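Right, one structure below, let's go through it.
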Amino acid sequence: MAKKPFSRRHFIKLSALAGAGLMVTGCKRDRGPESLLSNYTEALVIGTGFGGAVTALRLGQAGIRTTMLERGQRWTLNPNGDTFSNLAFPDKRSAWFDTENIAPFNPFPGLGTSFEPYAGVLERIRYGGMDVYGGACVGGGSVVYGGITIAPEEELFTQVFPAEVNYQELASVYFPRVINMLDARPIPDYLLNDSEYFQFVRVHVEHAQNIGLPIQYFDSTFDWDIIQKEINGEVPASAINGDILYGVNSGAKKSLDQNYLPMAESTGLVDVRPLHQVRDIEQIDGGFYRVNVEIIDTDGNVLENKAHHCKYLFMGAGSVGTTRLLMRSKEKGLLPNINETLGQGWGSNGATMSMRSYLPVNTGEKQSSPSSSAAYDFNNPISPTVLDMANYPLGFECTCLIHLGLTMDPGRGHFTYDPNRDDIDLNWNNNGIPRNAMDNLIDRLNAANGGQSGEAFTLPETKDDLTYHPLGGAVMGDTCDFYGRVKGYENFYVMDGALIPGSTACANPSLTIAGLAERNIEVILAEDILS
Ligand code: FAE
């Protein structure tokens, strides 16, 4: 497809700006925006997670010169197997400017507990009553996530998403496109049935089946052959030690920096800029966008303040990151036209974490990442619940199992802007639905199979005060239209988890976010950019 040339209308507006002395002086009137606006690229994408990576690839393939601004580092795997911090003894590489182990629970208190602030891979934001986790590096959440690539069920999806988003279209076109790009596959039989590293999965599955729950072995973006190589000692051991949260040193996790992002760069039109932290955004005359950026070093020192300019601006900074930038910019009068729904409609995806302990069976001394199966408890009397069967890599036999549960929580929070900190706060009321639904399920599992709730190794009870799945803040139909176009502006789009109405309906969100981004960028390219 041919790229639409820079329009004459914009030359005239830019020339007028230059003439009014608002722009670089001494510009010739017949020059394009490249010469009139500093650091101009036709499209800017803020953030390199799922929404950002999908967007950049499709822009590059359509011939649009694109710059990606990412606050975090680009981590390149080294052959020694020590690129990332490991799970058991986290160091500063694990955390985005934090000073302590940020794992949701620490089975080994006293180990890996304090370090220097550094541009590590995972961010934990402590809001009142809800801790929110997210990726902070090139690849975003895909570097720290569990690789669970799962589509919501239609019946639940339609309860959360507006009718304008056609489930069948996502399921038949865009989800398969993403799964194919990520090369996501279910656990193979040779690991599931025979490996000591996956004994915990076999126990989980048997126990769930004993209470009549259907099981899905879902697609995972982990490379199962590399996991087998880890077991064989052919590559550094990492996933088999339970690494997941801070990156995987063997290359077994097929994060976005192994697929979408290099493919985008290979178009020759997409440029990824790590350690470029966006501060705020402003629309300037001519309809262009100015994005103010701090270039930082890995200790957080600001090396330079810089303005980038573009015609098309795409937000991919994640639910909190995008909402923060939009609210900050709106409140400062830089983006005044964004409507009052901004910051509303935030949800935790109904996420919970729970433990079963004192089981009458061994669950395995060795428990490898990643999660590979889920049990569907759609008749749960409190809320439909999907139970991800996770590993708990303690390195000794604990006769315990850990679960991540996703529920249909209708509760929504909202953000408020604090001018003193120039940041946003989450206002969240816990309605207890996720925890109650999960406890109900765990009690049934224990009654049928033996075992107790919680109490094993620092996870005393079901937790619903943290989420790996922040969603919403600039929700479709409210702040944006049903394709992510920000209402009140042209050529300005939200492509990430901020667009989602607080839940992906009992599914882990990456496939839904990426699938929607594929759908939305296709329409945006056809209707707004190339037409
Ligand atoms: P995201 O991937 O979070 O990317 C946002 C990017 O924007 C990040 O790289 C940020 O560093 C960057 N950014 C933020 N602010 C700025 C700024 N001011 N300037 C420049 N850059 C900025 O966004 N989902 C699943 O489906 N399956 C799983 O197994 C799974 N496991 C998870 C495990 C963990 C520990 C975590 C934290 C999340 C997990 N998730 C999982 C959720 C998933 O990673 C998340 O929904 C997506 O990554 C969100 O995608 P976005 O495109 O919204």
Looking at the range 425-440, is at least one residue surrounded by fewer than 18 Cβ atoms within 10 Å (Cβ to Cβ) and of a type in the set (D, E, K, R)? yes
Return the residue satisfying two criteria in turn: it lies in the range 507-531 and is open to solvent by 10 Å² or more (accessible area, probe 1.4 Å) and away from the ligand (no atom under 13 Å from the Cβ), and of such residues it is nearest to the chain's Cα centre (by Cα). Glu522
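Results for (1) in a loop (DSSP other than H, G, I, E, B); (2) more than 10 Å from the ligand (Cβ to nearest atom); (3) more than 19 Å from the chain's Cα centre (by Cα), shown as yes or no for each residue.
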{"position": "His469", "(1), (2), (3)": "yes, no, no"}
{"position": "Ala474", "(1), (2), (3)": "yes, yes, no"}
{"position": "Phe482", "(1), (2), (3)": "yes, yes, yes"}
{"position": "Gly488", "(1), (2), (3)": "yes, yes, yes"}
{"position": "Gly502", "(1), (2), (3)": "yes, yes, no"}
{"position": "Ala505", "(1), (2), (3)": "yes, yes, no"}
Any idea which of (1) over 15 Å from Gly141 (Cβ atoms); (2) within 16 Å of the ligand (Cβ to nearest atom); (3) of a type in the set (Ser, Thr, Tyr) is the one Thr83 doesn't satisfy? (2)
Quick one: in the range 89-117, which of the residues that are open to solvent by 30 Å² or more (accessible area, probe 1.4 Å) and either within 14 Å of the ligand (Cβ to nearest atom) or in contact with a strand residue (DSSP E or B) (Cβ under 7 Å, 6 or more places away or on another chain) (or both) is modelled with the lowest pLDDT? Thr113
Scan of the range 273-305 for residues that are farther than 19 Å from Val138 by Cβ and in contact with a Gly (Cβ under 8 Å, 6 or more places away or on another chain), ordered by number: none
Exclusive hit being farther than 18 Å from Asn249 by Cα and within 12 Å of the ligand (Cβ to nearest atom), set Gly47, Gly129, Gly60, Gly135: Gly47
Residue under question is Phe396, and the condition is that it be of a type in the set (Phe, Trp, Tyr) and closer than 26 Å to Cys506 by Cβ; does it hold? no
Could you identify the single residue in Ile211, Ile281 that is within 14 Å of the ligand (Cβ to nearest atom), farther than 24 Å from Lys366 by Cβ and either at pLDDT 95 or above or among the aliphatic types (A, V, I, L, M) (or both)? Ile281
Filter the range 362-380 for residues that are in contact with a Ser or Thr (Cβ under 7 Å, 6 or more places away or on another chain) and part of a loop (DSSP other than H, G, I, E, B); the one that is surrounded by the fewest Cβ atoms within 10 Å (Cβ to Cβ) is Asn362
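The values are calculated or read from the model by the stated rules, or taken from the named source; none is laboratory data. What you see is a predicted model; the values in this text were computed from it and never measured. Using ideal geometry, Cβ is built from the backbone for each residue, glycine included, and neighbour counts are taken over all protein chains shown. For accessibility, only protein heavy atoms count, side chains too; no ligands or nucleic acids. Shrake-Rupley method; radii C 1.70, N 1.55, O 1.52, S 1.80 Å.
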